[in-house]
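Take a look at the structure set out below.
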Amino acid sequence: MAKRGSGVARTPASRAGACLRTRSGRASGGRTGRAGADGGGAGSVGPDGTVRRRGTIDHVIDLGYSLSRRFPDPPQTDYRTADVRTLRHDLFCGDVYLADTKADRELSTAWGWVPVLDFAWALCDIVEQLDQDPRGSRSHRRHHAELDFTESADRLLFERRFGWVDISADWQPAGEPPLTFGHPALRREARDFLQDVIADLTDLHEGLADNPVVWDLLARFPRV
């Protein structure tokens, strides 16, 4: 069963595409957030208004995002009453990355239209989907899931065996190894990322913190 990571019906005039790259640089533009298993750590706001969060699990996993200035939310949006589809597919467009800080490698997008909240939500869903086997980390069976980027036909591919999760992407060069993380660590990081994304977005958008969908989402995926 696939989980959608992007269902927004907006296509930019040009796409920089998705990439696998080292962590020496990032595309600029938009607001940036980072989340870590330490509960997001201390956040800071730079002089350009950029929100920066740093944190990792055992210096391995780093998740982050940036919001696009090219695809802002509609000015008439009522964040307090927005429904699930609107929150997941029509708002908070930008780019995301998932990094292995030890290997100094990351999977990232550079399109500008990826719905950031939807990505964080779908990632949490996928982590739970990969944990359906009652044998847990003792299971030798391979469990698969995928996260679709519908506007580009690219996907993130997840495979769990025992306690490890391999994450690869359709756009990786042939022979490039996947990013590999422990499942418990990935769960903690995914939930911290979701919680931090919501905290950032509710700071930016009046009324979002009062949306019942957001309440339910925070309760469904608490920090662990």
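Details
- Overall, the stretch 145-221 carries a charge dipole of about 520 debye about its Cα centre when +1 sits on the Cβ of Lys and Arg and -1 on the Cβ of Asp and Glu, all other atoms neutral.
- Highest-first arrangement of 131-142, 116-127, where packing means the average Cβ count within 10 Å: 116-127, 131-142
- Charge dipole (debye, nearest 20) of the stretch 83-126; +1 at Cβ of Lys and Arg, -1 at Cβ of Asp and Glu: 20
- Gyration tensor verdict on the stretch 163-216 (Cα atoms; rounded if a/c is under 1.5, prolate if a/b is larger than b/c, oblate otherwise): prolate
- Relative contact order of the stretch 144-224, defined on C-alpha pairs under 8 angstrom at six or more residues apart (%): 18
- Cβ crowding within 10 Å averaged over residues, with 180-191, 73-84 ranked highest first: 180-191, 73-84
- Computed FRET value (nearest 0.05) for ASP203 with ALA110, which takes r as the C-beta separation and R₀ as 25 Å: 0.50
- Accessible surface, per residue, of the stretch 53-198 when the full set of protein chains is kept, probe 1.4 Å, Å²: 41
- Here the stretch 94-215 is treated with +1 on each Lys and Arg Cβ and -1 on each Asp and Glu Cβ, and its dipole about the Cα centre works out to around 880 debye.
- Over the stretch 65-224, volume per residue of the alpha carbon convex hull, in Å³: 124
- Whether the stretch 116-195 is rounded, prolate or oblate, judged on the alpha carbon gyration tensor where a/c under 1.5 counts as rounded: oblate
The values are calculated or read from the model by the stated rules, or taken from the named source; none is laboratory data. These numbers were taken from a predicted model, which means no experiment stands behind them. When we count neighbours, we look across all protein chains shown, and the Cβ atoms used for this are built from the backbone with ideal geometry, even at glycine. Quick note on the areas: whole protein, heavy atoms, side chains included, nothing else; ligands and nucleic acids left out. Shrake-Rupley method; radii C 1.70, N 1.55, O 1.52, S 1.80 Å.
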